[in-house]
Each structure stands twice: as C-alpha cells, then as structure tokens.
Amino acid sequence: MKKPEIKDRVYVLKDGSPPLSFMLPSRNTKRFPLLHFDEETNTNRALRYARNQKSPFEDEQDGNYILEPIVFEDGALVVQKNNPVLQKFLDLHPSKGDIFEEFDPEKEATENLEYLNFELDAQIAAREISIDTAMAVLRVMIGSRVENMTSQEIRRDIMVYAKNNPEEFLEMIDDSDLQLRNKAAKYIEMGYLQFRNAQRDIFFNLKDNKRKMMSVPLGEEPINAMAAYFKTQEGIEVEESLNRISQE
C-alpha cells in the first residue's frame, strides 16, 4: 500500500456558504457515532482525536488522552505535517466526503479546466446551431415564448443560456427527443394541451375535445413524458393532429 505523502493538508467544508466557525465531532459518542470499519479485523473501531496520542483509534490510546476541538474557520482547516494523527483521523472520519473534503489544487484545476472546455464548446455550438434548434432549446428549457421573439433575441438568449449552463446545453442539443419535447412545450404554450392535477394529468384543450390525453408517470417530467408518448402508435397520430391544427 502506498505510504501517504508527508505534507501540510487543507480541509474545506463542502457547503457553498460555510459558517464563520464549525466544530467537527472529534470523539465517538451515542449522539455522534464515529466508527471506522476495519476490514482486517472485521470490526467497527471507535475514533477519537487526542493531540497527545499516536493513533486516532480509541483502542490504541492510553488513559491519559487530551481531547482537542477540531474547528473549521471560514470553511477551512489547515493541518500541519507534524500532526499526522489529526490528518489520519480526518481521513477516516465518517463525514469526509459529505460535510468536508481535503482540498486538492490539482483536482480543482482539472475540474475548472473541464468546465471551461464545456463552456467554450457550448458557446461555439450555440453560435452555430440553427434558429429552429435554438428556439426548441429555449422553449423546452426556459419556457420562453419564442414565437414572439426576434431572431437576434433568440440568438442572444441561447448564447447566454449556453454560457450559464454549458453541460446541460450540450446534452440538450444532442438529445434525439429535443424536437418532440419542443412540440410538447409548444402545444402547452399555444393552449392546445393543458396540465391538471399539479401537472400529473394532461388534457386536450380543443374546441371539440376536452378529454384526457395521458397521465404523467410518477417521477417523470411532464414534457419528457409527453415526448415519450408522441413516439407511441397512438401518440404519433395525436401529434400529427395537433401539428395540423397548429398550422391552420
């Protein structure tokens, strides 16, 4: 097993708005169980941070332990390399990965670079897509009444959307169901279809047809469910009929 690098380490809270001061539980109690599963012994071992001990495990500490609070200031905690016990304790802490994590500059730089590449790819794609595709994305993702917008307004809004939501935008333009989702949103916008029962049911809203078209499966987005329905044998006929009406 590779020996951990001896170095100063920085730990940060994962909350986007960390408190000025946050105290991390530092010993195993009934209220805050701090246990580490040891695969070698097949047991749960209690953790406890004591600054005068050589191990973070209670069963390896003597009776003269001195407890010390673990406090994050402004969302960060710096642990010097001459305190390996605290570093190991934090590495084994059950809250690592949920409440806090070790700050990794290389990892953060990689993630930032990946995001910047997504952002650049999205901006290029937004500039080159057709006006019809741009309208479809805006209608599905933002709910804009694109029919009343000029082409320049559509181009501007799609560039802004792509910049602020690059990954979502790139996934959207590669979605084979985009045009069906666009039609579903369009028919709702034009009033040919309407939601009822907190968007769980979709009804026709035509002069001679007010019947129920479909129910939205539990956990699905209504527009996505409608797009899936439009691919069924019955749905294909319904969509063709609505499309004819929209062009009259």
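Tabulated data for the structure shown
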quantity: Radius ratio Rg over Rh of segment 139-248, counting only Cα atoms, Kirkwood formula for Rh; calculated: 0.98
quantity: Backbone N within segment 175-213 under 20 Å of label point (7 Å from Q233 Cα along the Cβ vector); calculated: 213
quantity: Peptide ranges 43-56, 69-82 listed from the most packed, as the mean C-beta count within 10 angstrom indicates; calculated: 43-56, 69-82
quantity: Other-chain or far-sequence residues with amide H under 5 Å of I70's (modelled H); calculated: L24
quantity: Student exercise, the chain dipole from Lys, Arg, Asp, Glu Cβ charges, in Debye to nearest 20; calculated: 760
quantity: In degrees, nearest ten, helix 105-128 long axis to first principal axis of the chain (Cα); calculated: 10
quantity: Neighbourhood charge, 15 Å Cβ-Cβ cut-off, centred on D104 and excluding it, Lys, Arg +1 and Asp, Glu -1; calculated: -4
quantity: Distance-filtered residues of segment 47-75 - backbone nitrogen under 11 Å, label point 7 angstrom along T29 Cα→Cβ; calculated: none
quantity: Pairwise label distance in nanometres, D91 with K14, each label 7 Å out on the Cα-Cβ vector; calculated: 1.9
quantity: Mean Cβ neighbour count within 10 Å, used as a protection proxy, ranking 199-211, 159-171 highest first; calculated: 159-171, 199-211
quantity: Relative packing of 4-16, 184-196, which averages over residues the other C-beta atoms within 10 Å, highest first; calculated: 184-196, 4-16
quantity: Counting DSSP beta bridges with both ends in the chain, the antiparallel % (nearest 5); calculated: 95
quantity: log₁₀ of I(q)/I(0) at q = 0.17, 0.21 Å⁻¹ - segment 38-171, Debye sum with one point per alpha carbon; calculated: -0.91, -1.18
quantity: Modelled FRET efficiency - R0 51 Å, E5 with R155, Cβ distances, 0.05 increments; calculated: 0.55
quantity: Value of relative contact order over the chain, rounded to a whole percent, pairs C-alpha under 8 Å and six or more apart; calculated: 14
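Computed from the coordinates by the stated procedures, all read-outs in this text should not be read as laboratory data. Predicted model only: the values in this text are computed from it and were never measured. Virtual Cβ from ideal backbone geometry, glycine too; neighbours counted across all protein chains shown.
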